[in-house]
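Read-outs throughout are calculated quantities, based only on the coordinates presented, and are distinct from any laboratory measurement. Since we're looking at a predicted model, the values are computed, not measured. So basically every Cβ, Gly included, is an ideal-geometry build from the backbone, and we count neighbours across all protein chains shown.
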């Protein structure tokens, strides 16, 4: 048994108050507090119609999240500090790819923070276009055929 075996992922719903609270907590800590992304850019209309995922530590606390938009865009992948470098981001990404396949998506895409592009390339994504600023952070568009 490995350390990551004590974590599990489940689908979450923005319309469920407890799920939404956990998603917001994680994203606020990672994106707004740590990365200094303006709060006004973090929350958008896509939250309500996206499929969300949460990863839990030993059936207790949610420590990471990710969303899959109906368009096939994967985003808002975040893992709380203290739980990084454990493969949890990878597990969330793989779960999002599986959810996209189950939803009948043929392609997925994302806006990767530039420093993380190698992580996504390792999982089959390719860069698409030129780097750009989003929320004051350098990003690159990436795509993958499922």
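Largest GNM mean-square fluctuation among 129, 89, 72, using the chain with Cα springs under 10 Å: 129.
Put simply, the Cα atoms of segment 24-77 extend 31, 26, 14 Å along their principal axes, the longest span coming first. Once C-alpha pairs closer than 8 Å and six or more residues apart are averaged by separation and normalised to the residue number of the chain, the relative contact order reads 20 percent. Here the Gaussian network model covers the chain, with springs between Cα atoms less than 10 Å apart; of 136, 82, 124, 82 fluctuates the most.
Computed over the Cα atoms of the chain, pair by distinct pair, the Kirkwood hydrodynamic radius stands at 15.5 angstrom. With a Förster radius of 22 Å applied to the C-beta separation of residue 134 and residue 106, the computed FRET efficiency comes to 0.30.
Just checking the listed ones, 37, 55, 74: in the Gaussian network model of the chain with Cα springs under 10 Å, the one fluctuating most is 37.
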